[in-house]
Amino acid sequence: MQYRPLGRTGVQVSPLCLGAMMFGPWGNEDEADSVRIIHRALDAGINFVDTADVYSAGVSEEIVGKALKDRREDVFLATKFFMPMDQDDPNQRGGSRRWIIREVENSLRRLDTDHIDLYQVHRPSPDTDVAETLGALTDLVHQGKVRYIGSSSYSGSQIVEAQWTSRERHLERFVTEQPPYSILVRGIEEDVLPTVRRHGMGILTYTEPARGSVRRESTRSN
């Protein structure tokens, strides 16, 4: 397996990342089979696993946690927050400090780990000050609960705003962006990719049409 730099973090990750969206009721309901898939990927040299709190209402994170129980240090583990976790409670979602500080503890518990390598904002929040989100994430990095932070599905201008805010407020910056990208969805080539390169971020692409468990990750910033 050849590994690639994750932006300018100094971390080396496999060019293929195991996406865990379809582990659990959203896809494969056979937990033992999902664990076997994860172990097979690790045995093949993949050292990068990405999930999210919302996938199967947290079940995906639980499956990943069980699979990595004895192999946690071998894996660069990524997860995401933002999407609604309770349809009736408007505060169990989004990028507020209140929710981030609460939800990271839920993800740590489900993943059965004491830290998350890459904690990503699943979507931008037009009604939340980006400094609010970055401030909370910075605190989590300082506490050792999160190693790096990233964004997902941000536009070029939103990436620039976040990077500028990090610099001006002396906050942790997003080191990765996870945009949709495939032969059918190529809009990021015009704006997002050039912006990410300028800021030395890693790129983790996801492919909506496929929705598969394994997806190709372009982790170089150039």
* Share antiparallel - DSSP beta bridges, the chain, percent rounded to 5 -> 20
* Neighbouring Cβ atoms within 10 Å as the yardstick, rank 145, 80, 66 fewest first. => 66, 145, 80
* **Whole-Hz couplings from phi, Karplus 6.51/-1.76/1.60, listed for the stretch 181-192; x for Gly and Pro** => 7, 7, 4, 9, 10, 10, x, 5, 5, 7, 9, 5
* Each label point is 7 Å from the Cα along the Cα-to-Cβ direction; what then is the distance between the points at residue 86 and residue 26, in nm? -> 2.1
* To do: Could you check the simple spin-label distance between residue 141 and residue 33, using points 7 Å along Cα→Cβ, in nm with one decimal?
  => 4.0
* Collect residues whose amide H, placed 1.01 Å from N in the peptide plane, falls under 5 Å from the amide H of residue 47; neighbours closer than 5 in sequence don't count. => 14
* State the Cα centre-to-centre distance between the stretch 74-88 and the stretch 9-58 in whole Å. => 13
* Cα centroids of the stretch 152-212 and the stretch 91-135: how far apart, whole angstrom? -> 18
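Read-outs throughout are calculated quantities, based only on the coordinates presented, and are distinct from any laboratory measurement. Here the structure is a predicted model, which is why all the values come from computation and not from measurement. So basically every Cβ, Gly included, is an ideal-geometry build from the backbone, and we count neighbours across all protein chains shown.
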